[in-house]
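A quick write-up on the structure given underneath.
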Amino acid sequence: MRRACGYARPNPRSFPRRVTAPTHTPFSLAALQARYGPRYRWYALLTVMLGTMASIMASTIVNVAVPDMSRFFALGQERAQWLSSGFMAAMTLSMPLTPWLLERHGYRRTYLGAVVLLLAGSVVGGLANSYALVMAMRVAEGLAAGVLQPIPAIIVLRAFAPHEQGRAMGLFGAAVVLAPALGPSIGGVLVEWWGWRSIFFVAAPFCVLALPLAWKLLPHSAPGGRALDTEAELDLAGLMLAAVVILLLLNGLAQLHGATAWVGVAMLAVAGAALWVFVRHQRRHARPLMRLDLFAHRNFRAGSVVSFIYGAALFGSTYLLPVFMQEALRLPPSTAGAVLLPSGIVLALTIPLVGRWTPPEGRRAVIVAGLGLIAASFVLTMLIGPGTALIALAALAVLGRVGLGFILPSLNLAALADVPPALVAQGTSLINLLRQLGGAAGISLVGVLLQWRLDALGPSDALRAYHETLAALAAVTALAMVAAWRLRTRRAEAHELPR
């Protein structure tokens, strides 16, 4: 009847996309830059660093409480490792959403929403009485962390000139590593005094401090000061396919042991098929969840491989070492945390120095050297036994963290060196996603490999099982050195990137 009367239903696609222009609001990028002057970009970077520190604290501090939580909930290694890998899986899944969230909702709303979710997960997780609720809150924390972690790198790559990016990334890295540096030490004391629940509340003060600063300093706008695209469509089909791939991959890896090994192999096969479908969908979609054309750039391809393998070794060892010290060396949680504290301090000192003094053309060599130091620390840790002096274990942890300090300021900058500015947000999210996916896979593989060797060798030779797991981590890290050597380096240009 409407058509007969000359009225037809309008086609939404025939209208121009609706955008909101924040240029005349008090919290537009231009207004904030005018209000705070040239230092505004540093204020914005320091603000988003707080949320990232909180998310990293939530990620790493739980590792020192795994033995205590395993006893409380009667968990084996396969289920206990999900306290870490479940967080990592959720974080990996939410990372591709960051560019879309920033385009549609802007820096301010995206950041505030993620911090509130992280705060809720921390508080409710600490009050939970069931393993299922604890896991649900770990997933909520991971979802928030996945949105928060790419944002500082996006700001560094868009708001700072190429010759300043190393300094900015070094400052950011030095502050962020204080979270994992202090986390095990604080967490070890808290677990001994008040039990595993207390470690969930450590991230809360960072969140409470971040909220008013973000309200005051972050712009409403999308990256580059662009107006919000309030009708930006989310690639839901791509997101669902990505979730299937990630969950099947991690569950399949966790099942690769014992009587359920065939289930794990089947899950990995289905994950491979889902990945093929996902890639075809992304290539055909007008606004894909992930810009796969980023892999056309050589540095991005090489950096992606390095990030994935590096994440597997880093997060796998971050999970393994506190468990190794408590279960194999019989150290109390507070001592295990204290052993790792000097390495965190050294890391916090190394990162700004490397970021400040490494020229763009030297980043490849620095990354390869850092990976070599990490692999060496794993190999030498295999010589550690119950009778070894704690200072030796602390020294090896320092060696590995120095290697990590070499890599952190340079890897993202080298991988994104030849990426166009318009794709910086997508490239940053994807490179972080691959690192976190590698980390989640590394935690799963470490848990499975460790349990397999513990079952095979028996309680009397448990130390050997941990040593063999460390050898596997060293081999994986050595593989990343080959990929890192393919990174091209060039001198920085003097001009600034578009903001």
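Residues checked against (1) touching a Pro at 6+ places or on another chain (Cβ under 8 Å); (2) under 20 Å from T98 (Cα atoms); (3) part of a helix (DSSP H, G or I):
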| residue | (1), (2), (3) |
| --- | --- |
| L211 | no, yes, yes |
| A214 | no, yes, yes |
| L234 | no, yes, no |
| G238 | yes, yes, yes |
| L250 | no, no, yes |
| L256 | no, no, no |
| T260 | no, no, yes |
- Item | Check on A348, part of a helix (DSSP H, G or I), assigned by TED's automatic domain parsing to the domain that holds L473, more than 21 Å from A474 (Cα to Cα) and touching a helix residue (DSSP H, G or I) at 6+ places or on another chain (Cβ under 8 Å) | yes
- Of the residues that make up the stretch 454-476, is at least one more than 22 Å from W82 (Cβ to Cβ) and assigned to a loop (DSSP other than H, G, I, E, B)? yes
- Message: Restricting to the stretch 119-169, name every residue that is without any contact (Cβ under 8 Å) to a residue 60 or more places away in the chain and either closer than 18 Å to L411 by Cα or not assigned by TED's automatic domain parsing to the domain that holds F200 (or both).
- Response: E164
- Query: Can G37 be described as at pLDDT 75 or above and either loosely packed, with under 15 Cβ neighbours inside 10 Å or out of contact with any Cys (no Cβ under 7 Å at 6 or more places or on another chain) (or both)?
  - Reply: yes
- Task: Among the candidates R71, R109, single out the residue that is within 26 Å of L289 (Cα to Cα) and surrounded by fewer than 20 Cβ atoms within 10 Å (Cβ to Cβ).
- Result: R109
- Among the residues of the stretch 123-170, which ones are of a type in the set (D, E) and either farther than 20 Å from A425 by Cα or crowded, with 20+ Cβ neighbours inside 10 Å (or both)? E141
- Query: Quick one: is L314 part of a helix (DSSP H, G or I) and under 21 Å from the mean Cα position of the chain (by Cα)?
  - Reply: yes
- Item | Matching residues in the stretch 265-284 - criterion: being buried (at least 19 other Cβ atoms within 10 Å of the Cβ) and either of a type outside the set (A, V, I, L, M, F, W, C) or not in a helix (DSSP H, G or I) (or both) | Q282
- Using the structure shown, decide if G51 is of a type outside the set (S, T, Y) and closer than 19 Å to G447 by Cα. no
- Within the stretch 419-431, considering residues that are surrounded by fewer than 24 Cβ atoms within 10 Å (Cβ to Cβ) and modelled with pLDDT of 80 or more, the one nearest to V147 (Cα to Cα): Q426
- Of the listed residues (A441, A414), the one being assigned to a helix (DSSP H, G or I) and over 18 Å from M169 (Cβ atoms) is A441
- Taking the stretch 361-416, which residues are of a type in the set (S, T, Y), in contact (Cβ under 8 Å) with a residue 60 or more places away in the chain and under 19 Å from A472 (Cα atoms)? T381
- Determine whether the stretch 451-460 contains at least one residue that is surrounded by fewer than 23 Cβ atoms within 10 Å (Cβ to Cβ) and closer than 30 Å to E361 by Cα. no
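The values are calculated or read from the model by the stated rules, or taken from the named source; none is laboratory data. This structure is a prediction, so every number in the text was calculated from the model and none was measured. Using ideal geometry, Cβ is built from the backbone for each residue, glycine included, and neighbour counts are taken over all protein chains shown.
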